[in-house]
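Trainee: I'd like to ask you about the structure that follows.
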Amino acid sequence: MLAAWGRPITGLFTQQPTHLALAPTLLIACGVVQLPFAFAIVYRGAIRGAGDTKVAMWLTWLTTYGVRLPLAWLCSGVDIPLAGGGTIPNPAPLQQWWGVHPLVGLWIALCTELSIRGAVFSAYFLTGRWARVRV
């Protein structure tokens, strides 16, 4: 419902033009990622419950720090300030190529990572290795 009627639902909370323009797009992204995110949550919980906590931890760290953070930086268009006063410039491909708003780009990155996380945990779960762990 949030993805299908994002604009009317957003209108119940605000009449800000920026909110009405961006929130429906973000709600669609959020709606699309629900199934892979659910797989990630359920499979990670099952793997941890079976006692294979180290693999669950490493897969979570891998997707968080190896996928989420780089994608969030790349898709948000935000430069990284350095302690010495310089910055790491962001090429901002979504903003330059398609004119995507930085907030929408960030949400695309985060939803992409959740989908990848769901695929990674699903793939590991389907191997069945978690069932052979001795606790």
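The values are calculated or read from the model by the stated rules, or taken from the named source; none is laboratory data. Worth saying up front: this structure is predicted, and the values here are computed from it rather than measured. Cβ sites come from the backbone with ideal geometry, for glycine too, and all protein chains shown count toward neighbours.
Trainee: Among the helices (runs of 4 or more DSSP H) confined wholly to the stretch 1-101, which include 2 or more residues that are closer than 30 Å to A131 by Cβ, of a type in the set (D, E, K, R) and in the same structural domain as T127 (by TED's automatic domain parsing)?
Mentor: The helices (runs of 4 or more DSSP H) meeting that bar are 34-49.
Trainee: To continue, here is another question. Which one is farthest from L110 (Cα to Cα) among residues in the stretch 76-99 that are within 20 Å of the chain's Cα centre (by Cα) and β-branched (V, I, T)?
Mentor: Here the answer is I80.
Trainee: Turning to a different aspect of this structure: G51 fails exactly one of the following numbered conditions: (1) of a type outside the set (F, W, Y); (2) in contact (Cβ under 8 Å) with a residue 60 or more places away in the chain; (3) touching a helix residue (DSSP H, G or I) at 6+ places or on another chain (Cβ under 6 Å). What is the number of that condition?
Mentor: If we test G51 against (1) of a type outside the set (F, W, Y); (2) in contact (Cβ under 8 Å) with a residue 60 or more places away in the chain; (3) touching a helix residue (DSSP H, G or I) at 6+ places or on another chain (Cβ under 6 Å), just (3) comes out false.
Trainee: If you don't mind, there's one more thing I want to ask. Check the stretch 114-134 and report whether any residue there is touching a strand residue (DSSP E or B) at 6+ places or on another chain (Cβ under 7 Å), of a type in the set (D, E, K, R) and not in a helix (DSSP H, G or I).
Mentor: The answer is no, given that none of the residues of the stretch 114-134 is touching a strand residue (DSSP E or B) at 6+ places or on another chain (Cβ under 7 Å), of a type in the set (D, E, K, R) and not in a helix (DSSP H, G or I).
Trainee: Sticking with this one: Please determine, by comparing only the residues of the stretch 79-135 that are over 22 Å from I28 (Cα atoms) and of a type in the set (D, E, K, R), which one is surrounded by the fewest Cβ atoms within 10 Å (Cβ to Cβ).
Mentor: It comes out as R134.
Trainee: Suppose the filter is touching a Leu at 6+ places or on another chain (Cβ under 6 Å) and surrounded by 11 or more Cβ atoms within 10 Å (Cβ to Cβ); does V33 pass it?
Mentor: Details: touching a Leu at 6+ places or on another chain (Cβ under 6 Å): yes; surrounded by 11 or more Cβ atoms within 10 Å (Cβ to Cβ): yes.
Taking the combined requirement at face value, the residue satisfies it.
Trainee: Scanning the stretch 58-78 for residues that are of a type in the set (V, I, T) and farther than 18 Å from A92 by Cα, which turns out surrounded by the fewest Cβ atoms within 10 Å (Cβ to Cβ)?
Mentor: If we filter the stretch 58-78 for residues that are of a type in the set (V, I, T), which is where we start, we get 60, 63-64, 67, 78.
Imposing the further condition that a residue be farther than 18 Å from A92 by Cα reduces the set to 60, 63-64.
Details: T60: 16, T63: 19, T64: 12.
Filtering the stretch 58-78 for residues that are of a type in the set (V, I, T) and farther than 18 Å from A92 by Cα, the one surrounded by the fewest Cβ atoms within 10 Å (Cβ to Cβ) comes out as T64.
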